[in-house]
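Since the structure comes first, as structure tokens, the remarks are kept for the end.
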Amino acid sequence: MTTSKAAQFAAVYAALTASHEVADHWIQIDDQAVNKGKRNRDGAKACLEHVLTYTATQAVALAAVQRATEIRLSWRRAALGLAVSAVTHYVADRQGGHWRDDEPRSVVRLASVTGHAGWLARDPNAGYLMDQSWHKGWIAVAAAVAVGGGR
């Protein structure tokens, strides 16, 4: 019996999202969370360390889903999906602590130019919410990449 692409996508998205929550809130250590947004070498190192453990956590989740179900992902597509998640996670997390900057850059600049500057300035939770929604949107792309297109 083969599993539909829709079911595969749903299972992979669920696994990547659940492991995202674990990796971002349980696996990431305080030093990484505090320093990953610093605009220096220490910040880049802290962010890279976080993203490596984050990606490992997601890889374990994908392996667990495959073991528990009939889903068999191509290792190349799974690795590419994990890479999409890792790179986009790094890009966003380098902005840690900078969501309210007067001169935003990268993802914060994108949020600002798309009409979110007022919310970011007014709501202390806006940066976290923008960060998490960025991650989950890219996790959907990563899941689609991991599952693959076509019939």
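Screening Glu103 against (1) open to solvent by less than 70 Å² (accessible area, probe 1.4 Å); (2) not in a helix (DSSP H, G or I) leaves a single unmet condition, (1). In the condition set (1) at positive phi; (2) part of a loop (DSSP other than H, G, I, E, B), Gly115 is compliant with all but (2). Within 21 Å of Gln8 (Cβ to Cβ), assigned to a helix (DSSP H, G or I) and not polar (S, T, N, Q) - does that describe any residue in segment 67-74? Yes. State all residues of segment 1-32 that are touching a helix residue (DSSP H, G or I) at 6+ places or on another chain (Cβ under 9 Å), farther than 17 Å from Thr55 by Cα and of a type in the set (D, E, K, R); if no residue qualifies, say none. Lys5, Asp31, listed by residue number.
The rows are residues; the columns are (1) at pLDDT below 95; (2) aromatic (Phe, Trp, Tyr); (3) closer than 22 Å to Gly43 by Cβ.
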| site | (1), (2), (3) |
| --- | --- |
| Asp93 | no, no, yes |
| Trp99 | yes, yes, yes |
| Glu103 | yes, no, yes |
| Ala111 | yes, no, yes |
| His135 | no, no, yes |
| Val141 | no, no, no |
| Gly149 | yes, no, no |
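In the condition set (1) more than 12 Å from the chain's Cα centre (by Cα); (2) open to solvent by less than 70 Å² (accessible area, probe 1.4 Å), His20 is compliant with all but (1). Just one of the numbered conditions (1) open to solvent by less than 50 Å² (accessible area, probe 1.4 Å); (2) part of a loop (DSSP other than H, G, I, E, B); (3) in contact (Cβ under 8 Å) with a residue 60 or more places away in the chain is not true of Gly97: (1).
For the subset of segment 123-136 comprising residues that are under 19 Å from Val51 (Cα atoms) and of a type in the set (S, T, N, Q), which member is most open to solvent (accessible area, probe 1.4 Å)? Out of the qualifying residues, it is Ser133.
Touching a residue at least 40 places away in the same chain (Cβ under 8 Å), open to solvent by less than 20 Å² (accessible area, probe 1.4 Å) and among the aliphatic types (A, V, I, L, M): which single residue out of Leu73, Leu62, Leu120, Leu82 fits that description?
Checking each option against the conditions leaves just Leu62.
Filtered by the rule that a residue be assigned to a helix (DSSP H, G or I), among the hydrophobic types (A, V, I, L, M, F, W, C) and open to solvent by 80 Å² or more (accessible area, probe 1.4 Å), segment 28-50 gives Val34, Leu48. Selection of first residues in segment 130-142 that are aromatic (Phe, Trp, Tyr) and of second residues that are part of a helix (DSSP H, G or I) and at pLDDT 95 or above, restricted to Cβ pairs under 7 Å at least 6 apart or on distinct chains, gives the following pairs, ordered by first then second residue: Trp134/Ala92; Trp138/Val84; Trp138/Ser85; Trp138/Thr88.
Within segment 10-29, residues that are aromatic (Phe, Trp, Tyr) have Cβ atoms under 8 Å from residues that are in a helix (DSSP H, G or I) and surrounded by 20 or more Cβ atoms within 10 Å (Cβ to Cβ) in these pairs: Tyr13/Ile139; Tyr13/Ala143, counting only partners at least 6 apart in sequence or on another chain.
The values are calculated or read from the model by the stated rules, or taken from the named source; none is laboratory data. All figures in this text were calculated on a predicted structure; none of them were measured in a lab. Neighbour counts run over all protein chains shown; Cβ positions are idealised from the backbone, glycine included. Surface areas here come from the heavy atoms of the whole protein model, side chains and all, with no ligands, DNA or RNA. Shrake-Rupley method; radii C 1.70, N 1.55, O 1.52, S 1.80 Å.
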